[in-house]
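Please read the structure below before turning to the comments.
The values are calculated or read from the model by the stated rules, or taken from the named source; none is laboratory data. Remember, predicted model here, so these are calculated numbers, not experimental data. Ideal geometry is used to build each Cβ from the backbone, glycine not excepted, and the neighbour counts take in all protein chains shown. Surface accessibility is based on the protein's heavy atoms, side chains included, excluding ligands, DNA and RNA. Shrake-Rupley method; radii C 1.70, N 1.55, O 1.52, S 1.80 Å.
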Amino acid sequence: MKVHVMDVETGDVILADVFNRYGLLVLSSGTILDGDAVSRLLQHQLEYVDVLPKKSAATAPQTTLPYNPQKTRETMQVAVHSAKALYDTAQDTGLIDADLAEGGFLSMAESVRGNHDVASMLLVLNQKDDYAYRHCVQVGLISYHLAKWLGKPEAECCSIGTAGYLHDIGKTKIPKEILGKPGPLTLEEFETIKKHTVYGFSMIADSIGNPDWALPALQHHERLDGSGYPHGIRGSEIHPASKVVAIADIYSAMISTTPYRKGKDLMNVLCELHSLSFGKLDPHMTQVFIRNMLPNLIGKSVVLSSGETGTIVMTNPSDFFRPLVKVDDQFLDLAQMPLVSISRFVEEATA
């Protein structure tokens, strides 16, 4: 019987050979599913597999839905409008409505729950307009999903997601001419920008009093080695939720297109996050994030340093950034080709 990958159980037996969309064998018939096998299915973006039916149990109901770009786009547009209303109210009053904040994020999270293509959901938000509000929605969603990938309970995931949603609320107290400045900031302007962390903490603490939301607003620019701001704290002094939101904040900022710069491609962003995991960001959380985002590279067209153009067909769990690439009828394992690397991604045509 055909079962969604998220509904298979340890011990289920594959009924027929499983191939990815490029004809590469992923799992053979008769394979007994375990965690590693399920990870391979997800890595190749396979949604359904045939498994031997269980006679002793009824078929589990489908708990996930196929990715629907139009529905997701509509959901994200509503989320951005809700974020704008929340931030505009905070700017006018200096206060935050707890119900509006939590309700806005939870409504969005509920609408996209069951969709596992996180990268595609985020790309829907990657237009040039309303960057500040898109950014808070992105950071909320990424924080929520990273918390889930870390195995945290649903209630805690929602709390961390809401903290991500509110992390930049202090920017409502920063002059717009500084926030929207297209060129480099002066040292004085940058010092002003940095105050958004303290402002956000105070606003959340005074309006809501929830430290699990207030501390990430204060600490999302702190770094493990003490090089961050506003207080230069390090290591275990940083709240765990703040470490999650920091990763989400950096990813969203680097991947996003703004009126002043083009967003970076997924591979480059993940490479930079990998580098930051050596001293700046929590290494375990960062590696979990990278492993769960890597499947989104499969199917992307790339130009290699050799000048050849190919398609990523499989990621390499032991070397994240040297995948298996199909060039014409050949499969090139970049992990075995140290002199060849990915130079750039080929941009997809847009309608």
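Residue under question is residue 208, and the condition is that it be modelled with pLDDT of 95 or more and of a type in the set (A, V, I, L, M); does it hold? Considered against the rule, which asks whether it is modelled with pLDDT of 95 or more and of a type in the set (A, V, I, L, M), residue 208 comes out as no. Selection within the stretch 141-183: residues that are modelled with pLDDT of 90 or more and not in a helix (DSSP H, G or I). The member of this set that is nearest to residue 103 (Cα to Cα) is 167.
Residue-by-condition table, conditions (1) of a type outside the set (A, V, I, L, M); (2) over 25 Å from the mean Cα position of the chain (by Cα):
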{"position": "283", "(1), (2)": "yes, no"}
{"position": "288", "(1), (2)": "no, no"}
{"position": "295", "(1), (2)": "yes, no"}
{"position": "306", "(1), (2)": "yes, yes"}
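All conditions but one from (1) assigned to a helix (DSSP H, G or I); (2) under 30 Å from residue 327 (Cα atoms); (3) at pLDDT 80 or above apply to residue 49; the one that does not is (1). Check whether at least one residue in the stretch 333-347 is within 20 Å of residue 42 (Cα to Cα) and among the basic types (Lys, Arg), and report yes or no. No, there is no match, as no residue in the stretch 333-347 is within 20 Å of residue 42 (Cα to Cα) and among the basic types (Lys, Arg).
Among the residues of the stretch 85-125, those that are in a loop (DSSP other than H, G, I, E, B), crowded, with 16+ Cβ neighbours inside 10 Å and modelled with pLDDT under 65 comprise 115, 116, 117, 125. When the stretch 331-347 is limited to residues that are part of a strand (DSSP E or B) and either among the polar types (S, T, N, Q) or farther than 18 Å from residue 268 by Cα (or both), the one that is modelled with the lowest pLDDT turns out to be 343.
Each row is one residue, and each column tells you yes or no for (1) aliphatic (A, V, I, L, M); (2) open to solvent by 30 Å² or more (accessible area, probe 1.4 Å).
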position: 152; (1), (2): no, yes
position: 155; (1), (2): yes, yes
position: 170; (1), (2): no, no
position: 182; (1), (2): no, yes
position: 192; (1), (2): no, yes
position: 197; (1), (2): no, no
position: 211; (1), (2): no, yes
position: 217; (1), (2): yes, no
position: 226; (1), (2): no, no
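Looking only at the stretch 284-295, decide whether some residue is touching a Gly at 6+ places or on another chain (Cβ under 8 Å), in contact (Cβ under 8 Å) with a residue 12 or more places away in the chain and buried (at least 19 other Cβ atoms within 10 Å of the Cβ). No - not one qualifying residue is present in the stretch 284-295.
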